[in-house]
Protein chains: 2
Amino acid sequence: MTLDEFNVEVLIVGAGPAGLMAATWMAQTGIKTMLVDQKGLRTQCGHADGIESRTLEILDSFRLGESIYRGANLTIDLCLWNQLENGDIQRQTVLNNASPGLSRYHEATYGQGKIEENFLKFLQSSNSVEVRWNTVPVKLDILQSCTDYPVRVVIQTKQSNAECTLATVNAKYVVGCDGARSWVRKRLGLRLEGNHMDENWGVIDVIPATNFPDIRKRCIIKSEAGHLMIIPREERLVRFYVQLSPGAAALFRAEYHPKALVAIVKDILHPYSFEAPYIEWSTIYTVGQRLCPALSKHNRVFLAGDAVHTHSPKAGKGMNVSIQDTYNLGWKLASVIKGKAIPSILHTYQAERGAVARRLIAFDKRMVMGIGEKEPSSDSTEQKEGTLRAILKEENTSESGSRTYYQPSLLVTRTWDDRPTGKRHMLKPMLPHSKTNLAINIVLGARLPNIEVLCQSDSRPYHIQRLLRSTGEWYLLILGGDILQKSQMVRLESLGLQLGRTDSLIYRINQQNDSVCRISTFLVHCAPRNKVELMELPQVFIPFDKKLGYDYWKVFADNEPCSEECGSAHEFYGVSAEGCMVLVRPDQHVAFIGSLEDLPEVESFLGNFMIASIEGTECQE
Amino acid sequence: MTLDEFNVEVLIVGAGPAGLMAATWMAQTGIKTMLVDQKGLRTQCGHADGIESRTLEILDSFRLGESIYRGANLTIDLCLWNQLENGDIQRQTVLNNASPGLSRYHEATYGQGKIEENFLKFLQSSNSVEVRWNTVPVKLDILQSCTDYPVRVVIQTKQSNAECTLATVNAKYVVGCDGARSWVRKRLGLRLEGNHMDENWGVIDVIPATNFPDIRKRCIIKSEAGHLMIIPREERLVRFYVQLSPGAAALFRAEYHPKALVAIVKDILHPYSFEAPYIEWSTIYTVGQRLCPALSKHNRVFLAGDAVHTHSPKAGKGMNVSIQDTYNLGWKLASVIKGKAIPSILHTYQAERGAVARRLIAFDKRMVMGIGEKEPSSDSTEQKEGTLRAILKEENTSESGSRTYYQPSLLVTRTWDDRPTGKRHMLKPMLPHSKTNLAINIVLGARLPNIEVLCQSDSRPYHIQRLLRSTGEWYLLILGGDILQKSQMVRLESLGLQLGRTDSLIYRINQQNDSVCRISTFLVHCAPRNKVELMELPQVFIPFDKKLGYDYWKVFADNEPCSEECGSAHEFYGVSAEGCMVLVRPDQHVAFIGSLEDLPEVESFLGNFMIASIEGTECQE
């Protein structure tokens, strides 16, 4: 037995979607990381399969989105079916399975294994993240003494010959993404709170042979024989969720034979035919909604994904919320590890993701109730269906991640209306304010919605979200308004001068040669594009590099649409011709909204947590 | 010295765009092929850079389009600049650099090397194509005796130690894509005909540092100091075409120093600043339009690309026409080699691509005249500019490849109006006829234009062109009209029955287990989609496989657009609610248009050249 000992900045436990997202951030920002998983390889089939549009936006911000979207199944329609008195089932209604306009991506389904494969390919091209399979932590201690690597973890690797080796990993931070039975969570003395409900569901992934007409649409079927959900998947796969009687559940558990589930599906789908010539995967689960109130210990060990929230798979949220958990955490860790931000920003992980977890659990309870309800008597059908429809709509809006918003904190300003009263005043006395009235369609704390704009230099359409790449950078989006108005150009020029001042905080931060915590500036104006001369704009918007020449991709216009898709960004964001300034975090969430004169406010906000290196400062003075 | 001898189905000489496209077809259809090139590796920089929308459609039909399109620069605007009396240049006008609606892809620029890289990656994943670098043919003979491999080629490979090895390759077919100085062409005793014009142009790829405002747009600048074309490229590259005086040309030829070109660009761009901190590539060329009248010898050795047509690079057509040459040839070769079609179809290569080459040369002459003309006196400015504009418009429509159409032949039916009169009657007495009036916006012989339709089973939008993958398959597109009309459904059912008959030619052809020459059927109807029940349609449109279940992706609808982009296919194609049938070749060109009753006509057309039986063909002619 050997006992190696080494240091890493971050140790991630669990290579499911949450752990892989965390590792992806570390790879992107070049932070030395070890990712361990008890399995011998990635998920091969089954498990989660729903990908929400917000998750696709996130994947695309690492340029992982396109290939996943191409392979995925887009689930356009949602059909509700009920049972007639003669026992046959009948389609009641067809609904949209997405809220139009919420995202440039449609809700989709794709096997968890395929998503993991894409993440792993990304990690392979990095040399900062090491993945160790067949490896588990067996000991974890957080040292109280002041040390650079205060989390000591002993890991055990099972070799192919069944021999085990141990090693000690000294980590700055540990992220536990090791699922509902999380070893890390238990080791921290934390537990999931909540109950299992007395309801069993079987899950089966098959290539079906059926004349059921809506087999390539998402369906919810309520019948006496049990309730059924149909989720079409990539290629020819279809997933079925089948409600099981206690007897059927016990039988399935005893024999674990998927044929039993096929028989129930066949029964429910009567009068349509149903066979399953190919069965890829099956399992059974009991509905339960449970939550771990604490998402971290001493801001050194963090928990994410199923380790802190478990719920039914009905809404296809699991993989999404898990990825979004560590998407929230990763850039914060990178910023602190690189000495660019103070460690206190890590507290916001608990505040921001804890609230999401609580909303998720509450929503899942409503969802399970709505689906699981027995078919109501005919006179109240409409009302009950209305309830289910409202839940399904909620699923596609507020709960899809696209409308997730984070409360004011070190990393989100508060709105001007939040007058300091009582307790709130005591808690957040120092926060700068946002003038949300300047951009009435942008939600402070939520992700910046996408719109296409036209590049001033080459007239090409660009998605604004595509500019906001996940690199650790912050983005200062200047909606410049009608810059051909002389007064407006004066304001823009004044802002340009301030941004270019070598003694400004932003300038000093940007002098550091690293994308993490850099503040990148984009200008979007709404003046007639062909009348604006790019080279006459303030220099800060056309940065010059001796080797690379000018950067021509910092200035955009939202007029003269070249296609139906190109709208007016100012109108879309609810910004007037006077413009405004929006500071966007590295995770695309809006931290601040102000006027073109509010750069001091931006700097005071950033100054609360960002660290401009001392050397850099000295050099400047 | 060793002298290996081996057989291949196809030997391709030259691994530029034409040769790589030919090899891509061979890889896609699994035909044993050798591709040789005198170079040691692919193009690294410079050379061609224009990619037209039709070329992108072709690349996408092999699923090579997306990554190329993502990396490419889209050239949206075209700016015309003239010189003022004071010597300064001034923007005259801004035009569209594409015809809106012609294709789902925009005209683009991307280095030839990057395109080649994508092709080579595709070939790597094939095991039927071998690429040999540093290899040239040194002897080529076409045997007159009846043998399976009648083209004997001796190839010579230069090893790293400068030693040469020889081998004899016996090929069924040879494709010479070895450029303007083609060894294969010379060996066949053929030559390029035409003249060089007395005009020299320099070409330079740089990352510029300039305050010229349209540097990221395509520009044509006419000035006393010479004419200049600016072509923005991928990333920060820009290409400049500079007209050179005989003196400047001689100087550049003598010293081959790109700085001389930079100085002329700087002079022309006055009063704007111009420097070139990074110069990637430069060359000089003399404008000439030359053509080889014969594109093949004995239908055993074929020529393509620059080997048969050379012209100016002004319109960015070279790489496109070259790729389109072998895109036309490849599937025909595969069909004959696999014994699925008679060798006579190979004659159509000369007829179809020879006509394109002639049109290309004629167009290039007009283009060069339009750009090269001295700036006219002010009173005739408008007229002359009108001429240049007309040429530029032509560049983006009829000459872009999207409107290329092929004349009636073994592989394209003639229209019903083509009454057999005189000479034509003698030449093509056997051709079946098309009823072009049934689809007034589809051009017989041209590529099928793209439109989005909705899949009946999953409501998802699909581009029709994306269904027409380049696999060697033919596609029978049935525009079914309003199939909820009883009479129309009766017609469709009757067609479905005929298609399913086991004694039909199409059925027999499709029994062969190969995609080459298979006929795949798609149905697009214009009835209200939600009222059509997929499972009630004729079985031939929902093929069933014991292992894979039903194929749910054969039936589409063109109503109920889910986005602005989804139009009505019937309206777009000019088809009435009575529908029609369109037979599309493996290269997406339309071979036949008829009514739903015209399946016998389709079969008589296919029967002229397709071989249903499995026995191979004897030695040709």
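The values are calculated or read from the model by the stated rules, or taken from the named source; none is laboratory data. A quick note: this is a predicted structure, and the numbers were derived from the prediction, not measured. Please note: Cβ atoms are built from the backbone with ideal geometry, for glycine as well, and neighbour counts cover all protein chains shown.
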Could you tell me which residue of segment A:34-88 is nearest to residue B:460 (Cα to Cα), considering only residues that are touching a Ser or Thr at 6+ places or on another chain (Cβ under 9 Å) and among the aromatic types (Phe, Trp, Tyr)? A:81
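Among the residues of segment B:188-230, how many are within 14 Å of chain A (Cβ to nearest Cβ) and either within 21 Å of residue B:307 (Cβ to Cβ) or surrounded by 19 or more Cβ atoms within 10 Å (Cβ to Cβ) (or both)?
Here the count works out to 14.
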Hits in segment A:267-292 (condition: within 14 Å of another protein chain (Cβ to nearest Cβ) and assigned to a loop (DSSP other than H, G, I, E, B)): A:271, A:272, A:273
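Tally time: how many residues in segment B:170-187 are touching a strand residue (DSSP E or B) at 6+ places or on another chain (Cβ under 8 Å) and either part of a helix (DSSP H, G or I) or buried (at least 24 other Cβ atoms within 10 Å of the Cβ) (or both)?
Of the residues in segment B:170-187, 12 are touching a strand residue (DSSP E or B) at 6+ places or on another chain (Cβ under 8 Å) and either part of a helix (DSSP H, G or I) or buried (at least 24 other Cβ atoms within 10 Å of the Cβ) (or both).
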I'm trying to understand the selection: among the residues of segment A:156-169, which are in a strand (DSSP E or B) and within 15 Å of residue A:39 (Cα to Cα)? A:156, A:157, A:158, A:164
Does residue A:242 satisfy the condition of being touching a residue at least 40 places away in the same chain (Cβ under 8 Å), in a strand (DSSP E or B), buried (at least 20 other Cβ atoms within 10 Å of the Cβ) and within 14 Å of chain B (Cβ to nearest Cβ)? no
Any residue at all in segment B:545-555 that is farther than 23 Å from residue B:573 by Cα, within 14 Å of chain A (Cβ to nearest Cβ), more than 28 Å from the chain's Cα centre (by Cα) and hydroxyl-bearing (Ser, Thr, Tyr)? yes
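Condition check: part of a loop (DSSP other than H, G, I, E, B), free of Cβ contacts under 8 Å to residues at least 40 places away in the same chain and closer than 30 Å to residue B:229 by Cβ. Does residue B:191 satisfy that?
Values: part of a loop (DSSP other than H, G, I, E, B): yes; free of Cβ contacts under 8 Å to residues at least 40 places away in the same chain: no; closer than 30 Å to residue B:229 by Cβ: yes.
So residue B:191 does not fit the description; no.
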Failed criterion for residue A:179 (all others in (1) within 27 Å of residue A:51 (Cα to Cα); (2) outside the structural domain of residue A:134 (by the TED database); (3) of a type outside the set (A, V, I, L, M, F, W, C) hold): (2)
All positions within segment A:257-275 that are in contact (Cβ under 8 Å) with a residue 24 or more places away in the chain, farther than 10 Å from residue A:204 by Cα and of a type outside the set (A, V, I, L, M): A:267, A:270, A:271, A:272, A:273, A:274, A:275
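Answer yes or no as to whether residue B:81 is within 18 Å of the chain's Cα centre (by Cα) and crowded, with 20+ Cβ neighbours inside 10 Å.
Taking the combined requirement at face value, the residue does not satisfy it.
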Does residue A:433 fit the bill of being away from every other protein chain (no Cβ under 14 Å), closer than 28 Å to residue A:605 by Cβ and at pLDDT below 80? no
All but one of (1) at pLDDT 95 or above; (2) under 19 Å from residue B:193 (Cα atoms); (3) out of contact with any Cys (no Cβ under 7 Å at 6 or more places or on another chain) hold for residue B:305; which doesn't? (3)
For residues that are more than 14 Å from chain A (Cβ to nearest Cβ) and more than 18 Å from the chain's Cα centre (by Cα), scanning just segment B:441-461, find the one that is surrounded by the fewest Cβ atoms within 10 Å (Cβ to Cβ). B:441
Considering only residues that are surrounded by fewer than 18 Cβ atoms within 10 Å (Cβ to Cβ) and among the charged types (D, E, K, R), look in segment B:84-104 and name the one that is farthest from the other protein chains (Cβ to nearest Cβ). B:85
Take residue A:297 and decide whether it is assigned by the TED database to the domain that holds residue A:151, farther than 23 Å from residue A:365 by Cβ and of a type outside the set (Val, Ile, Thr). yes
Please verify whether segment B:173-182 includes one or more residues that are in contact (Cβ under 8 Å) with a residue 60 or more places away in the chain and over 29 Å from residue B:326 (Cα atoms). no
Considering only segment B:258-266, I want to know if a residue exists there that is surrounded by fewer than 21 Cβ atoms within 10 Å (Cβ to Cβ), within 14 Å of chain A (Cβ to nearest Cβ), within 21 Å of residue A:547 (Cα to Cα) and of a type outside the set (Gly, Ala, Ser). no
If you check residue A:312 against the conditions, is it surrounded by 15 or more Cβ atoms within 10 Å (Cβ to Cβ) and in a loop (DSSP other than H, G, I, E, B)? yes
Candidate set: segment B:467-514, residues that are within 33 Å of the chain's Cα centre (by Cα) and among the charged types (D, E, K, R); chosen: the one nearest to residue B:452 (Cα to Cα): B:469
Could you check, for segment B:223-232, whether at least one of its residues is at pLDDT 95 or above and either among the basic types (Lys, Arg) or more than 22 Å from residue B:82 (Cα to Cα) (or both)? no
Test: residue in segment A:36-49 that is of a type outside the set (Phe, Trp, Tyr), surrounded by 24 or more Cβ atoms within 10 Å (Cβ to Cβ) and farther than 26 Å from residue A:188 by Cβ: yes
Can you go through B:333, B:329 and tell me which one is closer than 17 Å to residue B:185 by Cβ and either in a helix (DSSP H, G or I) or under 19 Å from the mean Cα position of the chain (by Cα) (or both)? B:329
In this structure, is residue A:115 out of contact with any helix residue (DSSP H, G or I) (no Cβ under 7 Å at 6 or more places or on another chain) and under 22 Å from residue A:329 (Cβ atoms)? no
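Yes/no matrix, rows are residues, columns are (1) within 14 Å of chain A (Cβ to nearest Cβ); (2) in contact with a Cys (Cβ under 8 Å, 6 or more places away or on another chain):
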position: B:6; (1), (2): no, no
position: B:12; (1), (2): no, yes
position: B:22; (1), (2): no, yes
position: B:29; (1), (2): no, no
position: B:34; (1), (2): no, no
position: B:56; (1), (2): no, no
position: B:71; (1), (2): yes, no
position: B:75; (1), (2): yes, no
